[in-house]
Amino acid sequence: MIRAVAAATAALLISLSGGSALAGVTLAAPTTGGGFVKPLNGARISQGYGCTPVVIEPVDPACPGGHWHSGVDLAAARGTDVVATLPGLVHVLVSATGYGLHVVIDHGGGLTSLYGHLDTVAVADGTYVTAGEAVGAVGSSGNSTGPHLHFEICRDGIAEDPRLDLRLP
């Protein structure tokens, strides 16, 4: 189920980019180590990546707790600046549930980062951002129990633990 959601998200990003939105834009090469900027300062991890018993998360029968969390939740005060972890092309999305108001940045080479539950967005859809540039502010939009940033990294449409790439919080 989770893999299907990740694949659908990847397909959406490809659809949004139309294959030509990246024309003329040089994206950073994906990295597995240095180069990442923390998306948020002054936060604490309120929920980690992976299997969870938290019932508002998507169902995954393969998990002992019955649910799956595809990123890391970083609790912080509403309005705290959220920044891009790497340079890339911005996609601004909104959903009534799930991530709510969120930004997905395509870093190229199959690497994306997602910034969910935002209160506001500071960048326009289709623009290029640099690492450390503000993309929005912490909020509680979508399926959320309070102000926090849902942060995730996907490689080739598959979510992975962001703590593999950077030290959080």
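Taken together, the values in this text are just the output of simple stated rules run on the coordinates, not laboratory data. Computed from a predicted model, the values in this text were never measured in an experiment. Glycine gets a Cβ as well: all are built from the backbone with ideal geometry, and neighbour counts include every protein chain shown.
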| Hey, if you drop one equal point scatterer on each alpha-carbon of the range 22-169 and run the Debye formula without solvent, what base-10 log of I(q)/I(0) do you get at q = 0.14 Å⁻¹? | -0.61
| request: Starting from the Cα of residue 51, step 7 Å toward the Cβ, then list every residue of the range 138-169 with an amide N under 18 Å from that point. | output: 159-161
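Nothing charged except the Cβ atoms of Lys and Arg (+1) and of Asp and Glu (-1): what's the magnitude of the dipole of the range 90-169 about its Cα centre? Round to the nearest 20 debye.
So the magnitude is around 140 debye.
Beta carbons within 10 angstrom, averaged per residue: use that to sort the peptides 60-66, 159-165, 70-76, highest first.
Per-residue mean Cβ counts within 10 Å order the peptides as 70-76, 159-165, 60-66.
Sort 36, 151 so the one with the fewest other Cβ atoms within 10 Å of its own Cβ comes first.
Details: 36 19, 151 26.
Listed from fewest to most nearby Cβ atoms, that is 36, 151.
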